[in-house]
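What follows is a short report on a single structure.
We did not get these values from a lab; they are worked out from the coordinates using the rules stated. Treat the numbers as computed from the prediction; the structure is a model and nothing was measured.
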Amino acid sequence: MLDALLKATILVVILFVGGVDTGGTPASSLVLILDLFSRGYDLIFWSQGWSPGGLAFGLRIVREDGEPPGWWRALRRVIGSLLVPIVFIIGYAWALWDRRRQTWHDKLGGTFVVLGDRPR
C-alpha cells in the first residue's frame, strides 16, 4: 500500500509540475497512464530487490540464491503481477498455502519476498 500511495503521489506531482491539463482526458486514459507508470516503477525497484514501501517494512525481493532479481526476473514478475487481478487475486492469496510462500508473480519471476536476510 505504501508503494501504491507513493506511485500515485509521484504521478500527481509530475502531472502538476509538468502543467499537464487532465480536464479533458478520459478517466480510462488516466488509469492507463497510472498503470504504465506503476509497472515501470515496479520494474526499476524490483530489479534491484527492493521498493520504498517494502524497505519501510524490512522486505526485500531476492532470487533463490539471495541475490537481487535483476531486470529479466523483475520483468517476468511484473508480467505475472498483471495476470493476478484477472483471476480475482488468487495469485496473491496463493502465498497463504504455498509451501515456499510465493505468489504467482514470484513463481513466474523466480523470486521470494524475504524479511531482512532470511526467507519468509
Mean separation of Cα contacts under 8 Å (at least 6 apart) over the residue count of the chain, i.e. the relative contact order in percent, is 23
Using the Kirkwood radius built from alpha carbon pairs, what does the Stokes-Einstein equation give as D for the chain at 20 °C and 1.002 mPa s, in µm² per second?
-> 140
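Kindly provide the helix-only [θ] at 222 nm of the chain, computed as the sum of -39,500 (n - 2.57) over DSSP H runs of four or more divided by all residues, to the nearest 500 deg cm²/dmol? Walk me through the intermediate numbers first.
Working: 6 runs with 67 residues, N = 120.
Dividing the helical sum by the residues of the chain leaves -17000 deg cm²/dmol.
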